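The values are calculated or read from the model by the stated rules, or taken from the named source; none is laboratory data. Keep in mind that what you see is a predicted model, and the values were worked out from it rather than measured. Quick reminder, even Gly has a Cβ in these numbers, built from the backbone with ideal geometry, and neighbours come from all protein chains shown.
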Amino acid sequence: MPYRYVRVFFAVFLGFTLTLFAVAADKSKSAAANANQPSYDLPQPQRETLDYGMYQRIRDEGLGHSHVMEYASALDDDIGPRLTGSANLKHANEWTRDQFTAMGCSNAHLEDWGEFGMGWQQLNTWIRMTAPDTAVFIAQAAPWSPATNGAINAPAVWIDVKDAKDLDQYKGKLAGKIVLYGEMRDVPPVDKPLFVRLDDAELKKLTEYPLKPRGRDFIEQYMKRLELRQKVGQFLADEHALAVVTPSRDGRDGGGSGGTVFDDSGAGFGWEAYKREHANPLPVVVTAIENYGRVYRLLKAHVPVTMEMNIDTKFTGDHEHGYDTIAEIPGTDPKLKDEVVMVGGHLDSWASGTGATDNGAGTVVSMEVMRILNTLQVKPRRTIRVALWTGEEEGEFGSYGYVKQHFGNVPLSTAPDQLKLPEWVRKPAGPVQLKPDQQKISGYFNVDNGSGKIRGIYLQENAAIAPIFAQWIEPLKDLGVTTVTMRNTGGTDHEAFDAVGIPGFQFIQDPLDYGSRTHHSNMDTYERLQPEDLAQAAVVEAIFVYNTAMRDQMLPRKPLPHPELEEQRRAPLTNIMPGAEAAEKDAKEKADQTPKEE
Ligand SMILES: [Zn+2]
C-alpha cells in the first residue's frame, strides 16, 4: 500500500475511534491528531486571508520604483551570454550572488550541481562568399564548435544527406572543401506580426484541458535526427572536409529570417556536443537562411562557389562544473520558519545573443522579486529562497541536481534503448525517493517564457490549488492576470519539483516575439526586453511568493507520482469479452497466478 494510502487509512481509523470514545470532539483534539501531518495534507480554508495592504505596497515598489532593467543591462550587456560551462556563466553566478547579498538577502551562495562538460567561448566568426561574387554573411559558430585556426578559403560543396547511407556517394570527394549541410527550407513571407499578446479568446482556449495524452514520439524523432547529424559530422571529419555551413532553422510565423539566426543544440553535430566524447569533430557555423539560400541555389545549378571563413573559439577545460545561485529571506514564525517557498528561473543561456529573454528575463524578474521584498522589509513566516539554475538549456541539470540534493529523486529507466539517450529524455522508472525536506517546501514559482507580462498560471494538474490561485489573482485583474488553467506546461525548471511531488509552477506569459525571433537566437538582446512587462511580472510573482510564505498552511499537493505503476495502469483490461474462449481464459489463469502489485 503506498505511504499516502496508509496515512489516509490511519486518519479515517483515528477519526472513527475519536467519535466512539470522545465525549466532545473539540477542535483542539482534532488539531492534536493532525499535529504530525504536513499542513499541505490538511483541509484547506474556503477563503484565503489576503493582505491587500501588502498587495499595494508590492505594486508601488515594483511598478513605480522598478529596477528590473538595471539588473537586465548589467547581466546582458556587461556579463553577456551565459553558456553553461563558460567563464561568463560563472561570472554571472558570482554577480547574482553578490547582488542578492547587496539587496539584503541572507545566506547567498553557490551550490555545485555536478560536472557538466567543456567550457567554450566564441571569440569571433566571419564568413563570406568570394566567387562567383563577393558577399558578407550573417553567421554564428555552433556552440562548442572548434576553431578553423585562422582564415580558410576553399571551394564549397552541398551534400544531400537524408540517411546515413547517402554518405557513401561522397567518399573521397570532400577533402579541403567547405561543406554546406542541410536542405534549403521554405522562407515564408512575414505577413503576421512577430510580436503578439494573448487575447481573451486565446486565454480562454488555454483554460480548456487537452484530453489527448501527450506522446513521446516527437522526442524520439528529434533524437534520431540528432543521431544522424552526429554520424554526418564524423564522416565529414574523416573525409578531411575543412568546415561545415548549416542553415538557420525557422521561428514562429517565419521569424527565422531577416537576420535572425537560431543557434542552439540543433546547429551543431549532436545534443551532447559539450562533452568531450561527443565533441563537434570539425568547425561548424550556422548562417542566415537568405545567405545559405544563395550559395545553395548556385551549387545546385553547378556554378562553382568559393567561400572564406574564420571561426575563432576558445575551450576552457573538459570537466567544468555547474552552479546554482541561492539566497534567502529567512522566515520569522517560530513554527514555520523551517518551511520554504522558492522562486527562480535559469541563469544560463545560449551564446549568440546575450540571453536577454531566455532567460535573462526570468533571472532579473527573480532578482527584482527579492529586491522588492527586501526593500519592503517583509517579515515572512516561511523562508523565501531564490534559486538561479544553470544547465537548463542542455537538460534542466541545475534544478534537477538541486532537487536531488535537497528534496528527492526519480530513478530513470535502465532499459537498453533508454540507456542510449541523454538523461533528460530517459523515461522515469520510479519509485520516487524522497528526502525529509521534501515535506518542508510549500511551492516553487518559475519564469522562463520570455519578456512577456504574466497573464495567469498553469496549475500543472493540481486541482486543489485552483480556488486558492483564483482568489490570489482577483486583485491583479487590472494588471492583466486573469487565467488559471489545469494544464501542464513543460520544458523548464518547475518540472524538477513537480517530478518529486512538490507544487511547482510556471506562469502564463504574453508570447511577444519570443517564439518568432528571440528564443535561442542572435537577436536575443536587451532591446527585446519590455520594461513594463518585466516590472509587472516581478510584482505578480512577488505577491505569489509572499502569499505562499504567509498563509497558515502549505500549498496543497497532487498525489505523489508513481512512474513505476504507469505501465500497469496503461495496460489494456483483460477478460472483458463475455463471449471469448480459450485464449482469454488462459490469460486469466496466468493473471491469477501473478501476484498483484501492492
Ligand atoms: Zn529558457
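Being surrounded by fewer than 21 Cβ atoms within 10 Å (Cβ to Cβ) and touching a residue at least 12 places away in the same chain (Cβ under 8 Å) is the filter; apply it to the range 269-281 and report the residue that is farthest from residue 398 (Cα to Cα). By that ranking, first place goes to 281.
Would you mind stating whether residue 180 is surrounded by 19 or more Cβ atoms within 10 Å (Cβ to Cβ) and either among the aliphatic types (A, V, I, L, M) or in contact (Cβ under 8 Å) with a residue 40 or more places away in the chain (or both)? Answer is yes for this residue. Restricting the first member to the range 253-265 and to residues that are aliphatic (A, V, I, L, M), and the second to residues that are part of a loop (DSSP other than H, G, I, E, B), the beta-carbon pairs closer than 7 Å and six or more apart or on different chains are 261/138; 261/248; 261/288; 261/352; 261/522. Among the residues of the range 503-523, those identified as away from the ligand (no atom under 13 Å from the Cβ), outside any strand (DSSP E or B) and farther than 23 Å from residue 463 by Cβ are 510, 511, 513, 516, 517, 522, 523.
Return yes when residue 531 is touching a residue at least 12 places away in the same chain (Cβ under 8 Å), away from the ligand (no atom under 16 Å from the Cβ), buried (at least 24 other Cβ atoms within 10 Å of the Cβ) and not small (Gly, Ala, Ser) and no when it is not. No. Checking the structure you have, find out if any residue of the range 371-385 is within 14 Å of the ligand (Cβ to nearest atom) and farther than 30 Å from residue 36 by Cβ. Scanning the range 371-385, I find no residue that is within 14 Å of the ligand (Cβ to nearest atom) and farther than 30 Å from residue 36 by Cβ, so the answer is no. The listed residues are 390, 414, and the only one of them that is within 16 Å of the ligand (Cβ to nearest atom), polar (S, T, N, Q) and either surrounded by fewer than 22 Cβ atoms within 10 Å (Cβ to Cβ) or within 17 Å of the chain's Cα centre (by Cα) (or both) turns out to be 390. Going residue by residue through the range 334-354, is there one that turns out to be closer than 14 Å to residue 108 by Cβ and aromatic (Phe, Trp, Tyr)? Looking through the range 334-354, none of the residues is closer than 14 Å to residue 108 by Cβ and aromatic (Phe, Trp, Tyr). Screening the range 294-345 for residues that are of a type in the set (Lys, Arg) and either within 30 Å of residue 127 (Cα to Cα) or touching a residue at least 60 places away in the same chain (Cβ under 8 Å) (or both) and picking the one that is farthest from the ligand (Cβ to nearest atom) gives 300.
Given the options 500, 484, name the one that is at pLDDT 95 or above, away from the ligand (no atom under 16 Å from the Cβ), of a type in the set (A, V, I, L, M, F, W, C) and part of a loop (DSSP other than H, G, I, E, B). Selected residue: 500, the only one of 500, 484 that is at pLDDT 95 or above, away from the ligand (no atom under 16 Å from the Cβ), of a type in the set (A, V, I, L, M, F, W, C) and part of a loop (DSSP other than H, G, I, E, B).
Just give me the residues in the range 73-88 being in a helix (DSSP H, G or I) and either under 21 Å from residue 328 (Cα atoms) or of a type outside the set (A, V, I, L, M, F, W, C) (or both), in sequence order. Working first, answer last.
Our first condition is that a residue be in a helix (DSSP H, G or I); within the range 73-88, this holds for 73-79, 87-88.
Within the range 73-88, 73, 75, 76, 77, 78, 88 qualify.
Taking the range 346-370 as the range and being farther than 14 Å from residue 528 by Cα, of a type outside the set (A, V, I, L, M, F, W, C) and more than 12 Å from the ligand (Cβ to nearest atom) as the test, the residues that pass are 352, 366, 368.
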